1. Quick test for you: out of C:Ile19, C:Ile122, pick the one residue that is facing chain B (nearest Cβ under 9 Å) and in a helix (DSSP H, G or I).
2. Need pairs with beta-carbon distance below 9 Å; first residue within 16 Å of A:Gly101 (Cβ to Cβ) and in contact (Cβ under 8 Å) with a residue 40 or more places away in the chain and within region A:70-87, second among the basic types (Lys, Arg) and assigned to a helix (DSSP H, G or I); sequence gap 6+ or separate chains.
3. Give region C:20-60 a look and list any residue that's surrounded by fewer than 17 Cβ atoms within 10 Å (Cβ to Cβ), of a type in the set (A, V, I, L, M, F, W, C) and either within 21 Å of A:Leu253 (Cβ to Cβ) or touching a Leu at 6+ places or on another chain (Cβ under 6 Å) (or both), or say none.
4. Could you tell me whether region C:129-138 includes any residue that is touching a Pro at 6+ places or on another chain (Cβ under 6 Å), crowded, with 22+ Cβ neighbours inside 10 Å and more than 27 Å from B:Pro191 (Cα to Cα)?
5. Which condition number in (1) part of a loop (DSSP other than H, G, I, E, B); (2) surrounded by fewer than 18 Cβ atoms within 10 Å (Cβ to Cβ); (3) more than 11 Å from chain C (Cβ to nearest Cβ) is the one that A:Gly281 fails?
6. Of the conditions (1) within 14 Å of chain B (Cβ to nearest Cβ); (2) surrounded by fewer than 24 Cβ atoms within 10 Å (Cβ to Cβ); (3) within 17 Å of C:Thr143 (Cα to Cα), C:Gln77 satisfies every one except a single condition; which number is it?
7. Against the conditions (1) at the interface with another protein chain (Cβ under 8 Å from one of its Cβ atoms); (2) closer than 30 Å to A:Asn273 by Cβ; (3) over 18 Å from the mean Cα position of the chain (by Cα), where does C:Leu253 fall short? Just the number, please.
8. Confirm whether A:Asn201 is within 18 Å of the chain's Cα centre (by Cα), touching a residue at least 40 places away in the same chain (Cβ under 8 Å) and in a helix (DSSP H, G or I).
Amino acid sequence: MNSKLARGLLLSAAVLSLAGAAQAQDVTLTIESWRNDDLSIWQDKIIPAFEAANPGIKVNFAPSAPAEYNAVLNSKLEAGSAGDLITCRPFDASLALYDKGYLASLAELEGMKNFSDVAKSAWITDDGENPFCVPMASVIHGFIYNKDAFEELGLSVPETEDEFFAVLEKIKEDGTYIPMAMGTNDQWEAATMGYQNIGPNYWKGEEGRKALISGEQTLTDAAWVEPYKTLARWKDYLGDGFEAQTYPDSQNLFTLGRAAIYPAGSWEISGFNTQADFEMGAFPPPVKEAGDTCYISDHTDIAIGMNANTEHPEEAKTFLNWVASPEFASLYANALPGFFPLSEEPVELEDPLAQEFISWREKCESTIRSTYQILSRGTPNLENETWNASANVIRGSETPEDAAKRLQDGLTSWYEPQKN
Amino acid sequence: MTVSSPRMPVRWHIGVFLAPAVLVYTAIMVLPLFGTLQLSFFRVVDGRDVFVGLDNFRTLLGDPRWSASFWNALGNNFWFFLIHMAVQNPIGILLAALLSNPRLRMRAFYRTAIFVPTILSFVIVGFGWKLILSPIWGVAPSILDAVGLKSLFAPWLGKEEYALTTLGLISVWQFVGIPMMLIYAALLSIPDEILEAAECDGITGMSQFWKIKLPLILPSIGIISILTFVGNFNAFDLIYAAQGALAGPNYATDILGTFLYRTFFGFQLQIGDPNMGSAIASIMFLIILMGVCIYLFGIQTRLRRYQF
Amino acid sequence: MTPRPATNSFGRALASHAILIAYTVIALFPVLVIVVNSFKQRNAIFRSPLSLPNSETFSLVGYETVMAQGDFLHYFQNSLVVTVASLFFVLLFGAMAAFALSEYRFRGNSLMGLYLALGIMIPIRLGTVAILQLMVAGGLVNTLTALILVYTAQGLPLAVFILSEFMKQVSDDLKNAGRIDGLSEYTIFFRLVLPLVRPAMATVAVFTMIPIWNDLWFPLILAPAEETKTVTLGAQVFIGQFVTNWNAVLSALSLAILPVLVLYIIFSRQLIAGITAGAVK
């Protein structure tokens, strides 16, 4: 009896110590993310590559529902049950997490020096001292078009705004295709693929964006109202009942070959490649007059940081350094064409459509979305209001001037530099 | 020995009956919720919670930016509720009355079929109805075309004047099973003797329903009314699934639930504001509490109940 | 029997069927659209959402994706465990509390009733952080127990509210007869009262189980781990930020209807059974 007990104790002690040893060897890092879309890419390509290079560290990619990500992540961080690595939204959402002490400073991280200041700007404290997320990718706006349809109708790619509307008019007259696939039901399409897509050409990219932040320009200035006026003209070229058309509806309309042009973000590329059975091309937002400098929205969109309360900071840093490496950049950019790496090291892209998008970086000036930095810190929230205003303007229920005035009044109500 | 005897010392069984429910409910629901609601008296200043009394409520009702959203949401919510009272509950009662006829064939089939929408998840309801009502994929337009009413078609969910009513009707479609089932249970518990006695007196059919059954199920109609009220003023998921957190077009479908969610948890670039969010939640709570108290103390106590 | 009432009741039955069939069509049409489309290729879903799958468009790709991604059988099991266990506790604790409130007169009775009803007036989501902290402290994160506890608390207010209304309708004579026979209060509750309120219990069970089965929020927050995922959470994987795999979502959620439907049929049978048992008394 006694010896049995002793043996049992010994055995369980042995098992326990074995388990302990195994734990000491293998650390599992959990990544919080909103990118359900990428689950298989992480599981099949990225994680195996990392684990092969770093034995002893296991990685678990655990995405939650994209729409609930912010709310879920905040709750988990506050209660202390969040994962070791946190996928970061750009600008204030992540800055707030850093300020509350949930994200660790990465100022000392070796890999951060692979990134330019512009790349880091979306995930750094206002004083520029403490970066807190490793930039992963940016997305570029433009228009994707159905090459077959363009050939069939004898259309060429428009470069100026007049050409653009002439093309739309021709497609409309012909009647085979819906000229442009966009709806206003989900609102963000109108703001992101509409206003923020074509806007930089009017407010001259960074120049206008920074002037708005410093208070030198206002949203009622011509440069900021003009894009709304152009958007209002889109209405005639959208499909019937576009008011109730959702974002997935737009995607399907285009990939099923029913619409000729799709106001896009480069993130669509991988999805469209698998779904469309025609050839696709892309063109940047048309400029006002031939020969004008073109501006594109090349928006810093996704990064990854470290939970300040992780139990495995060393392993997490190892992972982040790997994310900052050219190896990851090339792996990620080619697995997810349309998410362009932000590291300074140039990356070979294989996808032709992605190559087209990234080539605009050479000939046009890059900027980011105008509402993202600083201007959406207050109430009313400028980004959310811009969704609403863009949808209203396209539907024709608000004039461009009224919409601009409403946005400016909202901004003035809380943003000091705009108070004059 | 009567229960209400004043000499009865300690009636332990009352405590035993109440304890499990009260304990679980208090620990996991009441304490966390009131912990959250008290945030409405605080505001974050320089990273610390500072007690500000009723300031948040003053902002919510006094600052035109907040109050416009609030009154819009409240008004929409009342419309949403009216649609349910005027459409969902009468249909529910009618269906239950028809189903409770013991001689009706295929009752089990109808009862199950009509209840199916109620068990669907909001993701499916949102997707299905958007697909059907979509102007692009053509289900609703072709159905209307088949009956010669194509001209009536509009992109309802995208129009400010129709969107909320459309969503209200979708919600009615989804939840009509709830009043149906509750009334059905109430109708079934009416003893046969009463109905037989009525039949002997020549009261049958419609008049039997109006004169005998309806008075007997009034308490249940009271319950479904108050449950509809509570449910509608807490509603959130359907609008969120169909129109997103910004409740478009142009906030035409914004109800208190979506307004609260957007404020409390934040949305997109808007960072969650638990303090203002709690203020909204507290006001919603007071509105619902008032409704429930009117029901509990004003209506319920006056309803005559029959014991069978 | 004279012929007139016969035709009358025949006409009435016909009218009843006409109304019920019409409403059944309204109720089932959208559901059919969803289920039918879950058997079609993506292109066919949007090209012609109303047509039945034919040899060209028929596809099980959605169901195949669902079966390949994660362990859906296990998710179903989790959902069932959570739903059934929560239901059991809600019904048991709820009926006990409702009995106490409707049967005994004691000081604070209506206040207690109001207190227990407060929970239906505030969305429990608002307490998320405190609840999660509680579960972290209790070491219950990523366990089904955490979900069962939350859903029990969430379901109780409605259960007490509905059940106490129905319990007021149970005959006092019956209970007093029991007391004269020397039955304890517990026996009176479990043996005499509970069987009589079976229809109401079944109703409450149905109302309680639906939000539990379909809930996404608490599984996402409290138990997102692979071993504790519920069906609703599992299906969420297919809804991406930009690309949604509608084949898989429709398939997963169409499958998810079945277990609740079976539970509903079981409970709605209880309605009838309860009545029959009551009639024998």
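1. Residue meeting the stated conditions: C:Ile19.
2. A:Ala82/A:Lys76
3. C:Leu50 - this is the single residue of region C:20-60 that is surrounded by fewer than 17 Cβ atoms within 10 Å (Cβ to Cβ), of a type in the set (A, V, I, L, M, F, W, C) and either within 21 Å of A:Leu253 (Cβ to Cβ) or touching a Leu at 6+ places or on another chain (Cβ under 6 Å) (or both).
4. yes
5. That leaves (1) as the condition not met.
6. (1)
7. (3)
8. Values: within 18 Å of the chain's Cα centre (by Cα): no; touching a residue at least 40 places away in the same chain (Cβ under 8 Å): yes; in a helix (DSSP H, G or I): yes.
No; evaluated as a whole, the condition is false for this residue.
Just so you know, all these numbers are worked out from the coordinates, no wet-lab data involved. It should be emphasised that the depicted structure is a prediction, and the values quoted were computed from it without experimental measurement. Glycine also receives a Cβ, built like all others from the backbone with ideal geometry; neighbour counts cover every protein chain displayed.
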